[in-house]
Structures are given as C-alpha cells and as structure tokens.
Amino acid sequence: MRIKDPVSLGFLIETVRGMGVTLRHLIRHDLATISYPEKRRVYSERYRGLHIHTRKPDGSPNCTSCYMCQTACPAECIEITAGEVDDPAVEKAPVEFKIDMLRCIFCGFCVEACPCEALIMSKRSELGMTDVREQVYNLERLMTRDELGKLEPGDVGFRPYYDASRASGKEILIGPGGKEKFSPALRKLADIEKLKPR
Amino acid sequence: MGDGNNTVTLIIDGKQVTVPKGTSILEAASSAGIFIPHFCYHKDLPWEGTCRMCSVEVEKAPKLVPSCCNVAADGMVVHTDTEKVRQVRRSVLEFLLLNHPIDCPICDQAGECYLQNYYQLYGLYDSRFRLEDKVKRRKALSLGDMIILDRERCVLCTRCVRFCREVSRSEALGVYNRSVRCEIGTFRDEPIVDPYQGNLADVCPVGALTSKKFRFKRRVWFLDRTPSVCASCSTGCNIYIDHSNGVIYRFVPRRNPYVNRSWLCDEGRMSWERLQSGSRLVDPSRRIDHRFIPMPWDEALEMVAGRLMETVRLHGAAAVGAVASPAATNEENYLFKKFASEAIGTPNLDFRADEGHRTFDRMEDHLLRRLDRNPNTRGAMDAGMTPSEGGLDLDAMLDAAARGTVKALIILNQNVALKKAGASAALARTPFIVYLGEMNDETAAAAHVVLPIAAFTEKDGTFTNFQRRVQRIHKAVNPPGAAKNALDVIAALIRKTGGGVEKTDAASVFEKLASETPAFKGLDYGATGGEGVVLR
C-alpha cells in the first residue's frame, strides 16, 4: 500500500507514536492508578470516614446527650434520644444515638462539637449495603461493630482533641484518654447519695 | 424635670427617661429599652438585691449602686455601660462561677441560662480556680412532682424563695446554712407541695431548679414558640406552646400583667399531655354496636347531614338538639349556632353542661385557678349559645331525648355524658348522636358518628376569659390523624344541609361574629393578640 496523501501519513506517524507511549507505560511502575481494592492508599491522619462512638472504661457510651453534634450537623442526620441515669455523677446518657449515613456529608462538625470526644471518625469510607435501613447506624453499631476490635491506633481518622502524649494502644475506643472525669471526692459523694431514699 | 409630683425624670446613658415615682433604676432603664443584666430581680417578685449583677454607676454616688433596689430620682444621671460597671459584672460572674459545675452539656437550662448569656457578654475569661477545689454539693435532688434541684448550679438569687413566700404562699423553700455552705432547700429535703411549683423552674435564672417533666426531653434551642392561651380554666392564662417537629414539649407562662402576670398553675402547665396521650379521636367513624368503624370524611359528613335532614323532615326541626361548648372558640360557637338555628332551624341550643356559667369568676385559690374548668364560658354566653324562643335547654333536651321527642343530638366538643348526671341514660336512648370531639371520652362512646376535631393547640381562634378579655390562640402543631379544624367540619355540615358559608378561616369567621353579635361589636381580630381586648 502506497501513501500519497501527506495528511494521512501524519496520522500514521502519530498512531505509531501513541502506541509507543502505551508500550512505555506498560513497563512503568510509578503509575497514578492502583489496583483498588487489593491495594489501598495511606489516608491522611485527619481522614473523615465512618464515625466511631467511643466508650468509657466500663463500656458504656461516652456521650452525655448534650446534643451539640445534632445542633452542629448541617445535614441533620444525627438523632439522639436522651435518658436519665441513676448515677448522680453521670445523670444523663443516650438511650439511642442514630446517624443516618445516607444523609451524612462527613464534614466532621459533630466530632469538633463533641465536648466528650464521644464521636471520632475512622478511615473507613466504603459503606456498601444490601438494605437501605442498614445505613442508619445506631448506638450499638457505632460503639461495637466488628471491625472496631481490629483497629490499630493509626486506623483512627479525624480526632481533633486527641492528646497523643497520653496515647496507648488500648485507648483507641475509650473516651478522653481514659481520664478520670470526676474527682474521688465526688465519686464518694455519689455513692453516699445512692444509699439515700429518693 | 418631672411634671407635678407623680413622675421623675432622669438621664440613663444619655437618654432622658420619665417614669412614675417609685420606679427602680432598672425598670426605668428597661422602659427606655436599655437592658441591665440581673439575676435576682424579677418583674413580678419583690426585689431583694442579692446578686449585685445590676450595679450601675450613678453620678455623685460614692460607689456603684444596685439598680433593681434603688429608686429613680429626679435629675439622676446613670451610666449602665462604663468600664467600671463592666468590671463589676465580670467580677460578679467570676464569683458566681467559682463553684459552678459548668455541666452545661447535661443541664436543661442551657440555651436559656442567664449565666451562659452574661458570660458571652462580660465573661470570656479563664478560670483562676482549680477544678478540684470546687465545692461539691448534692445534684439531681427531687423536690416534689415537678422540680429537680441541683445545688451546685445555684447562684442563691432567692427568686424561688420569694416566689414560694410571696406568690404561691407555700413557704416551701428557704436558704439554709451560711457563707460558702449556703444552699436552697426544703425543710429536711421534703418534697414541695404546691400547685404552682412548676413556676420555680421558670423563675430560676440558672439550672438549679429544672422541670422534672421536661427533663432531658429536648434542648431548648430546638423548640419553636407559639403564643397561646391556656384552656384549663376560665382564667385564660397566657402561655407559650413550646413544640418541635409537631410534638408539644412544654407550656411556659407568657407574661400578661392583667391576667396571670408571669405565672401558670401546674394543672394548666401539664394540660398538653392529655392532647398527646393517645386517647384522642383520630378518624371520623360510625359506631356499630360497640365498635367504631373508620370512614372517609366525605362519607361521614354526608351521612350526618343526611340523617339530620331526614329527622327534620320526619319529626320537625325541634326534634334536633344542638349542644355547643364552653371549650370551643368563639368562632366555632358562632358557626355552630349558625348551623343549628339557620341550616337545621332548631331552637334547641345550649352549652351549659356544668356549673361554669355560674362559677366562671369564682376563684379556686388565691392566685390563678378558677372553679370553672372551661376556657370560654364567657364567650359562649356572649355569643348567645342558649335556647332561642321556645327552645329547650340542655336538661330539657336530655329529658326529651329520654322520652323520645328529641330524635337527634349534635354535640360540639363537650363531655356531656360525664358532666351531666343521668345524661348517659338519655344519650343511650337517643336514636342519633353526632359528636364533634377531641377526646375518646364517654360522650364519644355514646355517639353514633364521631367527627374528630383539632384541640386548642392545633387551631387559631379566640377565647373569652372570665374578665371578658378576648384573647387569641394560635396553631402550634397539626391535629392527630385525620382530625380536622372544627370550623371546617361545621362549615361542611352547613353546606351539606343547604346553608352557605364563604370562608372558614378563624379571622373571617371572627369578622362575621364581630359584625353580627352585639357583645363583640366592632372588635378587630388582629387586636386580640398580645394582652387581649376586654369587651365593654
């Protein structure tokens, strides 16, 4: 085949050059794409993924139901139901705490608003499901879903008030650094109060 | 200078203010629109002057003076916002917050707390006090049915003590101990027995006294506020309905110096519970034996209109009895009367199922509550809800129903079966009863057709209280289920029985009422808001 038309000849040259680029990339190793999900990137320490509800050392939720997160939430996806606790040092605790992940925009305002570090965020961003209802996470699931047991300190995402100097592996899911929130004197007072008839 | 001897003129922040003699500096300032921060001062309580937050600078006075308990004098020059005054406010706040637990996250007062608000204006300092040194006190102490006391949060303003001493006169609360051990309490922590104790949570400027019924139910900043009037007795106390997402969370008193000042009784305060209790009527339905079968509105109205017209055709209009209600609004009663006397044409009309028309201005106690438990007895009297020439009153109607001469009764939102002795037997013998009601009560059980209507929190309108003060109510939430505004239901019945009504919104109906009923002559619907209008 003879090529008379110089324009067509230009196309042919460019095709060969393009093939050259393809072949060169075939043997390169520093590519921008990765084989997700087998390979994953290292996320930022402040990655805002699925929420984690931290717990007190005794396993109860860290939340005091102050509704700051619900107030701050621009997507109105948090719904708290407050209840009363007999312990006068606690008084108020959530009966239910729901986050609708389909409405959530993962802005992290709730985490910043929380005075107890009860809400923090993980680096998990895959929220696939087979039922829409699964996307409303309740207190139980936010506190104790399976993957939380396997979390390493580096797996926790956005957590602006975390004091790294007090950190140890065990404290990932336990509230403000496991700090004793009330003085021993108040604990003692609370114990006495419990004995008195209401 | 003031004219004559009755007023004084002084200068506050450069503004010339003239007030009656004997007015405090704080009140004089507030009448000029200048707000002076305070804790212990309350408009409807005697002054005490304990908190010192309201200190202001008066020229030629040697030191700052508390403005709540110093009387404004002629020629006084007052400064409320100088550096010196601000410094005092900061210091007062610092002392008050010294032992304050700062547990705002779990405090129900957060959002309407004087400490929080003033801290935003004058505080914003770091505490110089160590957390561990704070004095610990008893928290969450139950004081009676309505009130929880938290002594750590108390600022000892003694508003509550003065309320119990001067207003409710229960003398329940007092200040015990001295100095840093000073605390509010009842004798031996016994519960408060006081039908007005709910007000203690309102008068408390901080979170020391909070409401047990509202405890942890909702943060106050989520609540919407609708002005209304309490429907629990003929006093007609002004209230705010605090609600959110169609659910009522509390009633709080709305100040009206001519009716309830700043107070509200516990019965009225909790009267919303009944309206969200699940014993409301929600579907139009007809009774077959003892079961109620829900039906669509159109069908129900058609059936009622058909049965009533048939009764009129067979037995005459006098065989129909109409029972109006002292719990319905003026507009509803007016339209109901139109329905009874014009569309049906019956002279049998009455609203007096209880003693309300005799006792509406008789007090039950020294403060607010009245014996008449209906909100609108005066209104029903003024709107002429009594039998016309030759008509039967309620007793005669029930007698006639028992004898069989009255064949159909239409009852507007009034539990006749419970209120009238022997009414149940008469109702059981009446061939056809229509009940336009809110609650699933004894009368609903006796009715043949039940038409659910909106309660006073769910509609607009006016009530006339014992003083003949016409006061507005506003719609706060939607009625439950398929329940409808009574005005719409009555208007639909009028239309289906051959009469005519143009507009059914409360304002238009009130306009008609004001133009046709002598007692309401010339009254403007818009003027009935706020403090209401007294009929002459």
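The values are calculated or read from the model by the stated rules, or taken from the named source; none is laboratory data. Every value quoted in this text rests on a predicted model; they were computed, and no experiment measured them. Here Cβ is always computed from backbone atoms with ideal geometry, including for glycine, and neighbour counts include all displayed protein chains.
Scanning region B:138-149 for residues that are more than 9 Å from every other protein chain (Cβ to nearest Cβ) and buried (at least 17 other Cβ atoms within 10 Å of the Cβ) gives B:L143, B:G144, B:M146, B:I147, B:I148, B:L149.
Residues that are assigned to a loop (DSSP other than H, G, I, E, B) and buried (at least 20 other Cβ atoms within 10 Å of the Cβ) are absent from region A:125-136 altogether.
The rows are residues; the columns are (1) out of contact with any Leu (no Cβ under 8 Å at 6 or more places or on another chain); (2) under 30 Å from B:L398 (Cβ atoms).
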{"site": "B:N465", "(1), (2)": "yes, yes"}
{"site": "B:N485", "(1), (2)": "yes, yes"}
{"site": "B:G499", "(1), (2)": "yes, yes"}
{"site": "B:E502", "(1), (2)": "yes, no"}
{"site": "B:S508", "(1), (2)": "yes, no"}
{"site": "B:D524", "(1), (2)": "yes, no"}
{"site": "B:G529", "(1), (2)": "yes, no"}
{"site": "B:V533", "(1), (2)": "no, no"}
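Scanning region B:6-33 for residues being touching a residue at least 12 places away in the same chain (Cβ under 8 Å), surrounded by fewer than 19 Cβ atoms within 10 Å (Cβ to Cβ) and either part of a loop (DSSP other than H, G, I, E, B) or under 29 Å from the mean Cα position of the chain (by Cα) (or both) gives a total of 6. Look through region B:119-137, keep the residues that are in contact (Cβ under 8 Å) with a residue 40 or more places away in the chain and closer than 22 Å to B:E183 by Cβ, and return whichever of them is nearest to the other protein chains (Cβ to nearest Cβ). This residue is B:R137. Consider region A:99-151 and keep the residues that are under 25 Å from A:S60 (Cβ atoms) and of a type in the set (K, R). The one that is nearest to the other protein chains (Cβ to nearest Cβ) is A:R141. Restricting attention to region B:376-391 and to residues that are in a loop (DSSP other than H, G, I, E, B) and within 34 Å of the chain's Cα centre (by Cα), the residue that is nearest to B:F360 (Cα to Cα) turns out to be B:N376. Scan region A:86-98 and tell me whether some residue there is in contact (Cβ under 8 Å) with a residue 60 or more places away in the chain, of a type in the set (G, A, S), within 14 Å of chain B (Cβ to nearest Cβ) and touching a helix residue (DSSP H, G or I) at 6+ places or on another chain (Cβ under 6 Å). Yes; the residues of region A:86-98 include at least one that is in contact (Cβ under 8 Å) with a residue 60 or more places away in the chain, of a type in the set (G, A, S), within 14 Å of chain B (Cβ to nearest Cβ) and touching a helix residue (DSSP H, G or I) at 6+ places or on another chain (Cβ under 6 Å). Taken over region B:51-82, residues that are within 14 Å of B:D13 (Cα to Cα), in a helix (DSSP H, G or I) and at pLDDT below 95 amount to 0.
Listed by position, the strands (runs of 3 or more DSSP E) enclosed by region B:269-369 that each have at least 1 residues that are among the charged types (D, E, K, R) and either more than 29 Å from B:A507 (Cα to Cα) or in contact with a Phe, Trp or Tyr (Cβ under 8 Å, 6 or more places away or on another chain) (or both) are B:285-288, B:291-294. Please verify whether region B:189-207 includes one or more residues that are assigned to a helix (DSSP H, G or I), among the charged types (D, E, K, R), crowded, with 19+ Cβ neighbours inside 10 Å and more than 12 Å from every other protein chain (Cβ to nearest Cβ). Yes - at least one qualifying residue is present in region B:189-207.
So if I check each of B:G522, B:G461, B:G526, B:G532, which one is under 24 Å from the mean Cα position of the chain (by Cα) and without any contact (Cβ under 8 Å) to a residue 24 or more places away in the chain? Only one candidate passes the filter, namely B:G526.
The residue list B:F251, B:F222 contains one member that is modelled with pLDDT of 95 or more, within 14 Å of chain A (Cβ to nearest Cβ) and either closer than 24 Å to B:A110 by Cα or within 23 Å of the chain's Cα centre (by Cα) (or both), which is B:F222. Just the residues that are closer than 20 Å to B:H42 by Cα and among the hydrophobic types (A, V, I, L, M, F, W, C), please, taken from region B:185-209. Once the filter is applied, which keeps residues that are closer than 20 Å to B:H42 by Cα and among the hydrophobic types (A, V, I, L, M, F, W, C), region B:185-209 yields B:L200, B:A201, B:V203, B:C204, B:V206, B:A208, B:L209.
Considered as a group, the residues in region A:50-78 that are among the small types (G, A, S) and within 14 Å of chain B (Cβ to nearest Cβ) include one that is nearest to A:E147 (Cα to Cα), and that residue is A:S65. In the condition set (1) closer than 15 Å to B:E458 by Cα; (2) touching a Gly at 6+ places or on another chain (Cβ under 7 Å); (3) buried (at least 16 other Cβ atoms within 10 Å of the Cβ), B:V489 is compliant with all but (2).
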